[in-house]
Structure formats: C-alpha cells, structure tokens
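Undergrad: Once you've had a glance at the structure underneath, I'll fire off some questions.
The values are calculated or read from the model by the stated rules, or taken from the named source; none is laboratory data. Computed from a predicted structure; not experimentally measured. Positions of Cβ are generated from backbone atoms using ideal geometry, with glycine treated the same way; all protein chains shown enter the neighbour counts. We work out accessible area using only protein heavy atoms, side chains counted, and drop any ligands, DNA or RNA first. Shrake-Rupley method; radii C 1.70, N 1.55, O 1.52, S 1.80 Å.
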Amino acid sequence: MDTKEVIARFEQERQALAMMDHPNIAKVFDAGATPFGRPYFVMELVRGIKITDYCDQASLPTADRLQLFIAVCQAVQHAHQKGIIHRDLKPSNIMVTLHDGVPVPKVIDFGVAKATQSVRLTDLTLFTQFEQMIGTPLYMSPEQAEMDSLDIDTRSDIYSLGVLLYELLVGKAPFDPETLLRAGLDEMRRVIREQEPPKPSTALQTMAAEVRTNVAHYRQAEGAKLAGQLRGDLDWIVMKALEKDRTRRYETANGFAEDIRRYLANEPVTAAAPGVAYLFGKFVRRNKAALSVAALIVVVLLAATGISVWQAKVAIAAKRDAIAKASAERTAREESEAITTFLIRVFESPDPARDGRTITVAETLGRAARQLDTDLASQPVRRARLLETVGHTYVALWLGRDAISPLEKARDLRIAAFGPEHPETLTAMAVLADALDMSSRQQDAFELRRQVLELRRKALGPEHRDTLTAMHDLAVSYHTAGLLDEALELQEKILPFSRKVNGPDDPSTLRVLNNLASYYFAKGRRKEAHTLLAEALPITRKINGPKHPATLLAMTNLATSLDVTGHPEDALKMREEILPLTSEVNGEEHADTLRAMNNLGVSYSALGRVDDALKLQEKILPLSRAVLGPNDPDTLGSMTNLAVSYRKLARFDEAIELQKNALEFKRLHLPKNHPYIALAVENMADCYRDAGRLDEERAMRAELELLRSR
C-alpha cells in the first residue's frame, strides 16, 4: 500500500471522527505513520468483551439485551448525524465494559474500514483475507455484497445492526458461517443479496432441542417458551432491519431503537402490519385490568351487525390513515435521503487547492451553504431544510455567528412557502433566535422569541407543546437581560401547563422545574427552589439513569440548594459523588467536569477545608482558561472562588487581582443593572475590607448602593 496515500486517508477520516462525542463510541485520538512508514491510529482503550459474549456470560434476559442494543443504536445514530458510516458493525466491534457494575456498550473502529481500505473496500476484504474475515460477510448488507461501496449509505449499518440483534436474540447469525465459507465467494454474495433468512422464532424452533435449551439458559428462559417471546413483534422488528431492499428498512438507527422501546412498553411497533386485531391486542395487554370488566359488557351489548359496521368503519379509517402515513413517510424519506446524500458529498469532497492545510468543519459547512444557493435554487422547501441542517450543525458546534446567515435564509424560504404562522416557519424562527442568543445578540433574540410566542399562541393555542417551548425560550431571554421578575412570572405560568400537556416526567417539564428553581434562588425564595429541585432529581434519575448529563445536572442543582438552605455537609457529600461520575462520563478536561470540581471546591471552602479547596481551585483555573476561554462565565466563577480562598488565607493581593478581572469582564459584557455585576462589586468590596484598604472599600460600597437603587 502506498503509505502517503494511506496517511492522507487516515488524516481525512480522523478529522471526521473527531466530530463525534458520544459515551458509547470509542474515540480516535490521532493518526500518522511510524518512522518505518507503517500507518497507525491512536484509539481509546476499551477494556471489555464483545457484546454477544458479555450477554451470554451474564445470562442476560431478552429485555436486558434489548436495552443494551438500544444504547448501541443511539451511538450509531450519533455517528450517522455526523455523516459517518461504520461499514463493519459486528459483535467484535461492539465491546461491553462495566462502570460501577453497570454494563456500557462501546462501538469501536468507526470509520477505520474506510480509512484503511481503498474505494473497493469489500473487494479487498473478501479477496485478500477471505478466511480471516469470514465474520464480516455474516454482518454485511446486500448492497455491500454488490462489491460497489460507492453506493453504501447509513442503511447498510441498519442491516448490520439487524444481524447483531438477531444473534443477541437467537444465539446465532441469520446465515451459517460454515455454510457460507464452503459455498465460495460468488455463492456467498448471492446468499447475502437474495436468500431470505428465517425469522428469529423460526430459527429457534428448528434448532435441536439440546441447542435450544442451551440458548434459552443464557437468556434465563425456558426453551419451549423462548420462541414464543420472539414471535410477532421481535420477528417483525428484526426482519424489517434485514430487508434486502434498503428502502424498506428502518430509515435511521433511532427509528430502529424506538421500535424496540415500543415493544418493551407493550405499544404497537411500526415494523408490524398493524391490522385492527394487532392494535387491539396491544391495547388489551397494556390495559388488562381496566378491560376485564369492560369486555364482559361489550360481549353482551354488541350485536353481530354492530360489530360488522364498526369493523368496516375502522378498516376505512385505517386505510385512509395508512395512505396519509405512507405519503408523509415517503416525503420524509426523500428529504432524509437528500440531506444525507448532500452532507456526505460535502464532507467527502476535499479541496485540492488547500495545499494540505486542514479544512475545518466550519469551512466545510460554509461551502455547503454556498453550494445550496445554486444546487437547489428551484426547490425552496428542500433548500430550506438543508440550510436548517447546516445551521443546526453550526449551533451544535457553538458557532452561533456562522449559523445566523443560513438560518435567516431558511426562515425567509419557509415564510415564502408556508406563511409566517406555519409550524415549520415558527420552528425556523425559534432556531434562529437560539443562534442570535449564542452570538451575544440577545436583544434580537429577545424580539424574535417574543414574536414566535405570539404567533404560536395564535396558531396553536396557549397549551400546545410548541407554545410552551416558546414561553420557556422567552423566559430565558428575560433572565439573560436581567429581568428576573418577568422570567419568574413566565416560568410559573409554564410549569402547570407543562405538567398537564407534556406530563410530569417529560424532559421539557423537568427543564422548566430546574429553571424555575434557579429563578427562585435568584429572588431569595430558597425553600421553594429546594422543593422543586428535590422533586426533579428522582424523576431525572428514573428517566435517564444515574450517569446521564441531565441526572448529573439535577444532582448539581440540588447540591447547590442544600448548600444555601443550611445543609453544607449534605451538599459536600453529593458533590463528592458527582465529580467522579462526571469525570468518568466526560473526561477530566470537559466543561461539566470543571464545574463539578469548582462546586466541590466551594463546599470544601464553606466547611473550613481551605487547603483542600485551594488545591482544587488552583488546578481548575488554568484548565478552565484553556478549555472554556478566559472570559467564559465558568472561568470567571473559578476566579471568584479562588479569590475567596486566597482571602481566607490572607493572600489579599492575589484575591483582589482575580476579583478585579472578573468585575471588569462583567461590566463590559452585561447590562449595567444586571445582578451579577452587583454581586461582583460586593465581592470586590469584601476583598478591600479584608485587606484593610478602606477607601477603596467605601468606593465599592457606594457603587453597590447605586446599583441596588436601580
């Protein structure tokens, strides 16, 4: 292999992989060549075993295997959203490792197949390593078996996920590896492209009794009953993923995972052919107790003629709904394919005029936005969708200024196509407001959010989910502008509506709970804030699990509440629990980890453990400046906390210097009457007092009085 060419492919793929940041994807850190010219990847070390071995060794029942598989789907979905296809998903590329006794799947080798092979990936794999790579064809999609990797898209990974799920459920792949090996290359390709595998339940029923008993044992089930568990929904789900025609597979890994969630919740799955009997059977299983009495009444009251009429009406309605659904799905599929094709083309098109200089993601997105002005000039709706995709990506990368132009164009196209009150137009306006807010154009964001709320109330009503989202966004703008009373009043209106419309356990309701609690704190209503935060944590933990970022945030907020309501020991205990969890999930130099360290330092300081606090805070500040930037609010908070520790140790000059820098930044970037400026002035005055610099303290106190009088 030509080393120079391989290194170029390695570097291109490394840049793409660097975009991914997901707890279930192993990271690729670097790529290069040794002094002897051998190319290499530097990858995250995952200490674990392949997912199928783990499930069998732990004797996981079917439901637990499905939960693990959902996490794998979420990882694959994250990669697909970044324009990256794995191309070689199989059990040995999905490792399971334990974190505090909890199994965590990690997908490894993302993009390595593409980076380490030339365009004819499948050809090389099969011909040069036929015997060694027999595991790969078992998980290979029919389109990969065509030997034309140019036509591979994300649905190829969906097929491989289907094979993996098949093996997790049945204990073997859809096709027998020894039979494929004996068949030879051409027959192997024909089988993969044309032969339909048996359904999982059928595969179990046709096993030898001894083998079936062994498979059931590893799933904590009875051999005779395991096939029955798979028959129906799970058969349909697996076979949909294994469709030879990729247009009939799940469109996304998320869609695949959602169907499994529906199965686990006894809800109708989309993979089924949803006849009336099927849907009714699902309803009965979810509502056995309530329907047991009702069924007796129905049997007595319904006459044969009434049943026939009812069935006819249901059939007509079902047919009408099916046609409408098929049309909507076709439109969504066409848009999804257009977006995927466009983004893959953009991200896989290096610019030869760059002389080897690294092409950033921002530059690539900019080129994409410019290309849309000519490529889709005659298709305004699709152009708007792709511009929104570019804008969303900018926002996700915290490049708000770059997002504004494509999002403004998308909004204008939506208005021209649908009018100002259409839900898609209002969504485009809301996303644009987020980009404006992120770009320090808070006043523009505020005005746009107020407009969105007004239009959504008019078009959708006051209790619609989107209207509540618009109210929440406007409350955030009020808070950013220092208008705490207005923000608090709006959030108090949102909470009962959100509980009613979205449910008490919905993420949007939890977000309102947390924001309302923070506003209560800002107004000194600590008891009310604490009540809300104590309510939010167990719900968040139940929905997301113990290590989810939302759970860690809820713990952080509750620890703060414990601190200010007079329970510093409980706050310290919780913060000592938060830091290792956050560090494990995000790494030591992540913004959330730095905040957790900062908060722990505050607890140490409050309880008189000044040396422990100082040791932690002196470690945090340079990391925060490097990772978040010198003017980031969290960096400023680190400066203030370190200044407090310096004051307690009588290191007044160092404390004053830190507080002065923090105050100057806040004066420069916040409204004059913002409460954070008053707080910084008060901290400055305290520093001068402790240092015995009374004239300067008096000047600060006078400024503080003036600020508070406003």
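Undergrad: Among the residues of segment 207-216, is any in contact (Cβ under 8 Å) with a residue 24 or more places away in the chain and among the acidic types (D, E)?
TA: Taking every residue of segment 207-216 in turn, none turns out to be in contact (Cβ under 8 Å) with a residue 24 or more places away in the chain and among the acidic types (D, E).
Undergrad: From the list A63, A26, which residue is of a type in the set (G, A, S), farther than 24 Å from T213 by Cβ and modelled with pLDDT of 80 or more? Write out each step before concluding.
TA: Working: A63 fails: farther than 24 Å from T213 by Cβ.
Of the residues listed, the single one that is of a type in the set (G, A, S), farther than 24 Å from T213 by Cβ and modelled with pLDDT of 80 or more is A26.
Undergrad: Quick check on segment 54-70: of everything there that is outside any helix (DSSP H, G or I) and in contact (Cβ under 8 Å) with a residue 60 or more places away in the chain, which residue is surrounded by the most Cβ atoms within 10 Å (Cβ to Cβ)? Show your work before the answer.
TA: Residues of segment 54-70 outside any helix (DSSP H, G or I): 58-61.
Those still in the list that are in contact (Cβ under 8 Å) with a residue 60 or more places away in the chain too: 59-61.
Working: S59: 12, L60: 20, P61: 14.
Residue satisfying both the conditions and the ranking: L60.
Undergrad: I'd like to verify a number: residues in segment 233-267 that are open to solvent by 20 Å² or more (accessible area, probe 1.4 Å) and in a loop (DSSP other than H, G, I, E, B), how many? Spell out how you get there, then give the answer.
TA: Initially, segment 233-267 is screened for residues open to solvent by 20 Å² or more (accessible area, probe 1.4 Å), giving 236, 239-240, 243-248, 251-252, 254-255, 258, 261-267.
Then keep just the ones that are in a loop (DSSP other than H, G, I, E, B); that gives 243-245, 251-252, 265-267.
Of the residues in that region, 8 qualify.
Undergrad: Can you pull out every residue in segment 165-206 that is without any contact (Cβ under 8 Å) to a residue 24 or more places away in the chain and under 22 Å from S92 (Cα atoms)?
TA: Within segment 165-206, D176, E178, T179 meet the criteria.
Undergrad: Condition first: among the aromatic types (F, W, Y), farther than 11 Å from S477 by Cβ and in a helix (DSSP H, G or I). Can you find one or more residues in segment 437-458 that meet it?
TA: In the first step, residues of segment 437-458 are kept if they are among the aromatic types (F, W, Y); the result is 446.
Next, only the ones that are farther than 11 Å from S477 by Cβ stay: none.
Scanning segment 437-458, I find no residue that is among the aromatic types (F, W, Y), farther than 11 Å from S477 by Cβ and in a helix (DSSP H, G or I), so the answer is no.
Undergrad: Oh, and also: Determine which single condition T582 fails, assuming it passes every other condition in (1) within 25 Å of D690 (Cβ to Cβ); (2) of a type outside the set (A, V, I, L, M, F, W, C); (3) open to solvent by less than 20 Å² (accessible area, probe 1.4 Å).
TA: (1)
Undergrad: Here's something else I'd like to know. Would you mention how many residues in segment 388-434 are polar (S, T, N, Q), closer than 18 Å to D473 by Cα and open to solvent by 20 Å² or more (accessible area, probe 1.4 Å)? Full working, then the answer.
TA: Step one: list which residues in segment 388-434 are polar (S, T, N, Q), which gives 389, 393, 405, 425, 427.
Now drop any that are not closer than 18 Å to D473 by Cα, which leaves 425, 427.
Next, only the ones that are open to solvent by 20 Å² or more (accessible area, probe 1.4 Å) stay: 427.
The qualifying residues number 1.
Undergrad: For segment 71-92, name all the residues that are open to solvent by 10 Å² or more (accessible area, probe 1.4 Å) and either outside any loop (DSSP other than H, G, I, E, B) or in contact with a Phe, Trp or Tyr (Cβ under 6 Å, 6 or more places away or on another chain) (or both). Please lay out each step first, then the result.
TA: At the first step, the residues of segment 71-92 found to be open to solvent by 10 Å² or more (accessible area, probe 1.4 Å) are 71, 74, 77-78, 80-83, 85, 87-88, 90, 92.
Within segment 71-92, A71, Q74, Q77, H78, H80, Q81, G83, K90, S92 meet the criteria.
Undergrad: Restricting segment 157-187 to residues that are at pLDDT below 85 and small (G, A, S), which is most open to solvent (accessible area, probe 1.4 Å)?
TA: Applying the filter and picking the extreme gives A183.
Undergrad: Looking at segment 185-232, what helices (runs of 4 or more DSSP H) fall wholly within it and have at least 3 residues that are basic (K, R) and over 16 Å from S59 (Cα atoms)?
TA: 185-194
Undergrad: Right, next: May I ask you to list pairs of residues, at least six apart or on different chains, whose Cβ atoms are under 6 Å apart, with the first in segment 530-544 being over 12 Å from A517 (Cα atoms) and the second being among the β-branched types (V, I, T) and part of a helix (DSSP H, G or I)?
TA: T540/T551; R541/T551; N544/T551
Undergrad: Pairs only if they're at least six apart or on different chains, beta carbon under 8 angstrom, first in segment 249-272 and touching a residue at least 60 places away in the same chain (Cβ under 8 Å), second among the hydroxyl-bearing types (S, T, Y); list them, first residue then second.
TA: These pairs meet every condition: R249/Y159; E251/S336; T252/T154; T252/S336; A253/T154; F256/Y250.
Undergrad: Something else: Quick one: what pairs do we get from segment 551-574, first residue farther than 17 Å from A522 by Cβ, second surrounded by fewer than 22 Cβ atoms within 10 Å (Cβ to Cβ) and of a type in the set (K, R), C-beta under 8 Å, 6+ apart or different chains?
TA: Close Cβ pairs satisfying both conditions: T551/R541; A554/R541.
Undergrad: Identify all residues within segment 564-576 that are exposed (fewer than 15 other Cβ atoms within 10 Å of the Cβ) and modelled with pLDDT of 90 or more; write none if there are none.
TA: Residues satisfying the conditions are E569, K573, E576.
Undergrad: Moving on to the next point. Which of (1) open to solvent by less than 50 Å² (accessible area, probe 1.4 Å); (2) without any contact (Cβ under 8 Å) to a residue 40 or more places away in the chain; (3) of a type in the set (S, T, N, Q) is the odd one out, the single condition T154 does not satisfy?
TA: Condition not satisfied by T154: (2).
Undergrad: Out of all the residues in segment 655-684, which are over 30 Å from S477 (Cα atoms) and buried (at least 17 other Cβ atoms within 10 Å of the Cβ)?
TA: Looking only at segment 655-684, we keep the residues that are over 30 Å from S477 (Cα atoms), and these are 655-657.
Across segment 655-684, the qualifying residues are A655, I656.
Undergrad: Give segment 487-515 a look and list any residue that's under 15 Å from E528 (Cβ atoms), open to solvent by 30 Å² or more (accessible area, probe 1.4 Å) and without any contact (Cβ under 8 Å) to a residue 24 or more places away in the chain, or say none.
TA: Passing the criteria: E489, P496.
Undergrad: When the residues of segment 437-486 are narrowed to those that are of a type in the set (A, V, I, L, M, F, W, C) and in contact (Cβ under 8 Å) with a residue 60 or more places away in the chain, which ends up least open to solvent (accessible area, probe 1.4 Å)? Spell out the reasoning first.
TA: Within segment 437-486, the first condition is being of a type in the set (A, V, I, L, M, F, W, C), and the residues that meet it are 438, 445-446, 448, 452-453, 455, 459-460, 468, 470-471, 474-476, 481, 483-484.
After this cut, where a residue has to be in contact (Cβ under 8 Å) with a residue 60 or more places away in the chain as well, the list is 481, 484.
On the way: A481: 42, L484: 27 Å².
Filtering first and then ranking leaves L484.
Conditions tested, residue by residue: (1) buried (at least 19 other Cβ atoms within 10 Å of the Cβ); (2) in contact with a Cys (Cβ under 9 Å, 6 or more places away or on another chain); (3) of a type outside the set (F, W, Y); (4) within 19 Å of R65 (Cα to Cα).
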position	(1), (2), (3), (4)
R189	yes, no, yes, no
H217	no, no, yes, yes
Q220	no, no, yes, yes
Q229	yes, no, yes, yes
